[in-house]
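The values are calculated or read from the model by the stated rules, or taken from the named source; none is laboratory data. If you're wondering where the values come from, they're calculated on a predicted model, not measured in any experiment. With ideal geometry, Cβ positions are generated from the backbone for all residues, glycine too; neighbour counts draw on all protein chains shown.
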Amino acid sequence: MSENKLNKTVVYGLGAMGRPMARNLHQQGLLLGVKNRTEGKTKALINELSLETFDNDQAMLEAADSVITCVSADQDLHQVIEDVMDHLSEGAVVIDCSTVSPKTAREVAEKLAGKDIGFLDAPVSGGVEGAKKGTLSIMIGGERDDYKRASDVFAAIGSQITHMGKVGQGQATKAVNQVMVAGVAQAVCGALAFAENCNLDMKKTIEVLSAGAAGNWFLDNRGHTMVKDEFNVGFKLQLLHKDLHICQEAMADMDARMPLVDDSIADYGELMDRGHGDEDISALIRLRRELFDKTDSE
Ligand code: NAP
């Protein structure tokens, strides 16, 4: 029933996104507990937020009415679901904020439905900054009743909260988002590498361009850091590489290919081969600078 609001949430996956989401849920009194594969992060957050401790994970999950999962990729989500599904109570809802394929979302939903546990695919956009501020854009697929029950949980972590339709539709929307993210990164990294080689003042360039028709979130939030070779913020490029494979597969199912997607997979694959996989996606500027460098590349 939609009046049966979710308010005892466990966050599973305390990475760059999960940690600030857990903090925001705690601030709204909605966080029951946290769990992470690497235990040190679990203990650190329990101490920081003075969370209730349980005898074991099973006891925590039994007491929860919802679990937010935020892990890296499809196979990780499958593992986490195996880990939690036997301990959750009937009527609980799993809300997955990871970026995985629509197919994985549907498979997980079906598995959980067999145990009378609801599932919402709820991928997010807005970066680590959005997760910290609680202003994520959340695209949700699943039963409307579960979506309504989760409204307070979503309000604690996001500001644009949209029910897109049935299970998988949230992830389909996120795949569309990632095509745009990849395109914007290509445009901004290429343009700023060009600007550097025009000997422009980069601070002034970013400020003046941000205020005009080329202005965008990526330029505002990553422009100043990428020109200073700071790539330790934000969204790991290996995660965008993973997301673009999801987009590529979805397009292949439609007998379509898109050069932007194929080229971006190749670019980020190259950066991963060179050991830059944990850097922000703005590290793409490394490759674009090479277009202007007539000596041997790195
Ligand atoms: P992250 O910092 O790399 O954290 C990944 C988390 O997943 C860690 O807590 C990790 O645990 C956990 N994990 C990975 N594999 C696991 C497994 N097999 N079993 C259990 N836990 C596992 O990644 P993130 O940036 O938080 O991203 C999480 C998800 O959100 C990804 O799907 C990403 O695409 C999506 N996303 C990220 C951003 C962003 O800007 N960062 C924005 C939107 C969406 P350990 O600590 O043990 O490694």
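Only one of the numbered conditions (1) under 22 Å from the mean Cα position of the chain (by Cα); (2) under 16 Å from Ala182 (Cβ atoms); (3) not hydroxyl-bearing (Ser, Thr, Tyr) is violated by Asn232, and that is (2).
Residue-wise test of (1) in contact with a Ser or Thr (Cβ under 7 Å, 6 or more places away or on another chain); (2) buried (at least 19 other Cβ atoms within 10 Å of the Cβ); (3) hydrophobic (A, V, I, L, M, F, W, C).
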{"position": "Thr162", "(1), (2), (3)": "no, no, no"}
{"position": "Lys166", "(1), (2), (3)": "no, no, no"}
{"position": "Lys174", "(1), (2), (3)": "yes, yes, no"}
{"position": "Gly183", "(1), (2), (3)": "no, no, no"}
{"position": "Gln186", "(1), (2), (3)": "yes, no, no"}
{"position": "Ala193", "(1), (2), (3)": "no, yes, yes"}
{"position": "Cys198", "(1), (2), (3)": "no, no, yes"}
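In the condition set (1) over 26 Å from Leu120 (Cβ atoms); (2) surrounded by fewer than 18 Cβ atoms within 10 Å (Cβ to Cβ); (3) touching a helix residue (DSSP H, G or I) at 6+ places or on another chain (Cβ under 9 Å); (4) at pLDDT 95 or above, Ala213 is compliant with all but (3).
If you go through the range 26-45 and keep only what is surrounded by 17 or more Cβ atoms within 10 Å (Cβ to Cβ) and within 15 Å of the ligand (Cβ to nearest atom), you end up with Gly33, Val34, Lys35, Asn36, Lys41, Thr42, Leu45.
Of the residues in the range 154-185, how many are of a type in the set (Ser, Thr, Tyr) and either more than 13 Å from the ligand (Cβ to nearest atom) or part of a loop (DSSP other than H, G, I, E, B) (or both)? Going through the range 154-185 one residue at a time, the tally reaches 2. Residues that are under 15 Å from Ser50 (Cα atoms) and either surrounded by fewer than 24 Cβ atoms within 10 Å (Cβ to Cβ) or among the basic types (Lys, Arg) (or both) within the range 5-19 comprise just one, Arg19. Applying the condition of being within 14 Å of the ligand (Cβ to nearest atom) and surrounded by fewer than 17 Cβ atoms within 10 Å (Cβ to Cβ) to the range 131-153 and asking which residue is nearest to Thr173 (Cα to Cα) yields Thr135. I'd like the full set of residues that are more than 14 Å from Lys8 (Cα to Cα) and touching a strand residue (DSSP E or B) at 6+ places or on another chain (Cβ under 9 Å), limited to the range 38-52. If the condition is that a residue be more than 14 Å from Lys8 (Cα to Cα) and touching a strand residue (DSSP E or B) at 6+ places or on another chain (Cβ under 9 Å), then Lys41, Thr42, Leu45, Ile46, Leu49 are the ones that fit. Can you spot a residue in the range 252-265 that is closer than 18 Å to Val184 by Cβ, of a type in the set (Val, Ile, Thr) and modelled with pLDDT of 95 or more? Yes, the range 252-265 contains at least one residue that is closer than 18 Å to Val184 by Cβ, of a type in the set (Val, Ile, Thr) and modelled with pLDDT of 95 or more.
For every residue, the table says whether it meets (1) surrounded by 13 or more Cβ atoms within 10 Å (Cβ to Cβ); (2) farther than 17 Å from Arg222 by Cα.
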site: Lys242; (1), (2): yes, yes
site: Asp253; (1), (2): no, yes
site: Leu260; (1), (2): yes, yes
site: Ile265; (1), (2): yes, yes
site: Gly269; (1), (2): yes, yes
site: Asp278; (1), (2): yes, no
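Determine which member of the set Ala175, Ala187, Ala195 is touching a residue at least 40 places away in the same chain (Cβ under 8 Å) and aliphatic (A, V, I, L, M). Among Ala175, Ala187, Ala195, only Ala175 is touching a residue at least 40 places away in the same chain (Cβ under 8 Å) and aliphatic (A, V, I, L, M). Note on the range 83-116: residues that are under 30 Å from Phe235 (Cα atoms), of a type in the set (S, T, N, Q), outside any helix (DSSP H, G or I) and out of contact with any Pro (no Cβ under 6 Å at 6 or more places or on another chain) total 2. Exactly one residue among Phe119, Phe194 is more than 15 Å from the ligand (Cβ to nearest atom), in contact with a strand residue (DSSP E or B) (Cβ under 8 Å, 6 or more places away or on another chain) and among the aromatic types (Phe, Trp, Tyr), and that residue is Phe119.
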